[in-house]
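To start, the structure itself, in structure tokens.
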Amino acid sequence: MNPAHQQLRSSVRFEWGLTGTSALSDSRISVVVDVLSFTTTLSVAADLGIEVLPYRWRDDSAAEYAAVQNAVLAVGRSEASQGAVSLSPNTVRSAVGVQRLVLPSPNGSSIAHSLGASSAACIGACVRNASAVAEWIAENCQNGTAVSVIAAGERWPDGSLRPSVEDLWGAGAVLTELMRLRPDLTASVEAEVAADAWRAVRGRFSSALEECASGRELIGAGYRSDVMVAAEVDESTAVPVLDGDRFINQVSTGRT
């Protein structure tokens, strides 16, 4: 890895996707942002006390993994029947009796799953819980601790990374609040740009989310309610931190 790509001169960093996660692998705290929809759905589950197990995008092994873990396996949005749980955050809100959930996705969940084997703290963040996550990091970030915020992005039809503006905004929301709370930390230029992007839209975030490419895609497919949940700025105090193979909700002392 080219050292120039690792943002080593800064304690707070920003990158994209699984490859970007690898570039910033020396970070002690890693924040995964996948606004539409993994980390938004994760935040809703954490609000309800549901443990979430991240997993690679669903294949034949996902059902077996869920069975071994005594967990419900989330299905794809288009596959969800009445009462089933999917990547849609509203299906988690309406779920009954779910205590543990395997939540696969090709982007955010896959990145979190890859971080499960590392020694870094992995946190799931979105716009719903951005301030709570920033507060937790501010409390737990010691001098010299490197923090990376990873925008998961989406996929083009050929499987390559499609940088998605909603994840840039979500990352920027966390970074903006973190730098306000901890001005002693040094942000990379990349992190500063993400924070600037959030500040540009935070006063009209709901409409911007509806108008961005991913928002329009979901609305066109009939999932406007998912976009509305993702637009709930700081409505959640959940801080989902990966503990082994599952996300457990932590609470910052500033939010008790």
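Scan the range 79-102 and tell me whether some residue there is within 23 Å of Ser11 (Cβ to Cβ) and either in contact with a strand residue (DSSP E or B) (Cβ under 8 Å, 6 or more places away or on another chain) or touching a residue at least 60 places away in the same chain (Cβ under 8 Å) (or both). Working first, answer last.
Filtering the range 79-102 down to residues within 23 Å of Ser11 (Cβ to Cβ) leaves none.
No; the residues of the range 79-102 include none that is within 23 Å of Ser11 (Cβ to Cβ) and either in contact with a strand residue (DSSP E or B) (Cβ under 8 Å, 6 or more places away or on another chain) or touching a residue at least 60 places away in the same chain (Cβ under 8 Å) (or both).
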Checklist entry - Considering the range 211-247 alone, what residues qualify as being of a type in the set (A, V, I, L, M, F, W, C) and outside any loop (DSSP other than H, G, I, E, B)? => result Ala213, Leu218, Ile219, Val227, Met228, Val229, Ala230, Val239, Val241, Leu242, Phe247
Checklist outcome for this item: Screening Gly203, Gly159 for residues that are more than 19 Å from Glu139 (Cα to Cα), free of Cβ contacts under 8 Å to residues at least 24 places away in the same chain and not in a helix (DSSP H, G or I) leaves only Gly159
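Anything in the range 126-156 that is of a type outside the set (A, V, I, L, M, F, W, C), touching a residue at least 60 places away in the same chain (Cβ under 8 Å) and assigned to a loop (DSSP other than H, G, I, E, B)? List them, or say none. I'd like the intermediate steps shown before the answer.
Pass one, the range 126-156, residues of a type outside the set (A, V, I, L, M, F, W, C): 128-129, 131, 135, 139-140, 142-145, 148, 153-155.
With the extra rule that they be touching a residue at least 60 places away in the same chain (Cβ under 8 Å), the set shrinks to 128-129, 131, 135, 139-140, 144-145, 148, 153-154.
Of everything in the range 126-156, those that are of a type outside the set (A, V, I, L, M, F, W, C), touching a residue at least 60 places away in the same chain (Cβ under 8 Å) and assigned to a loop (DSSP other than H, G, I, E, B) turn out to be Arg128, Asn129, Gly144, Thr145, Gly153.
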Checklist outcome for this item: Scanning the range 71-89 for residues that are of a type in the set (Gly, Ala, Ser) and not in a loop (DSSP other than H, G, I, E, B), the one modelled with the highest pLDDT turns out to be Ser86
Item to check | Positions within the range 125-168 being surrounded by 24 or more Cβ atoms within 10 Å (Cβ to Cβ) and among the aromatic types (Phe, Trp, Tyr), in sequence order | outcome: Trp136
Next on the checklist: Just to verify a result, which residue in the range 39-68, among those that are touching a residue at least 60 places away in the same chain (Cβ under 8 Å) and surrounded by fewer than 21 Cβ atoms within 10 Å (Cβ to Cβ), is farthest from the chain's Cα centre (by Cα)?
Outcome noted: Gly49
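The values are calculated or read from the model by the stated rules, or taken from the named source; none is laboratory data. Just so it is clear, the structure is predicted and the values come from calculations on it, not from any experiment. No Cβ is skipped: glycine too gets one built from the backbone with ideal geometry, and neighbour counts run over all protein chains shown.
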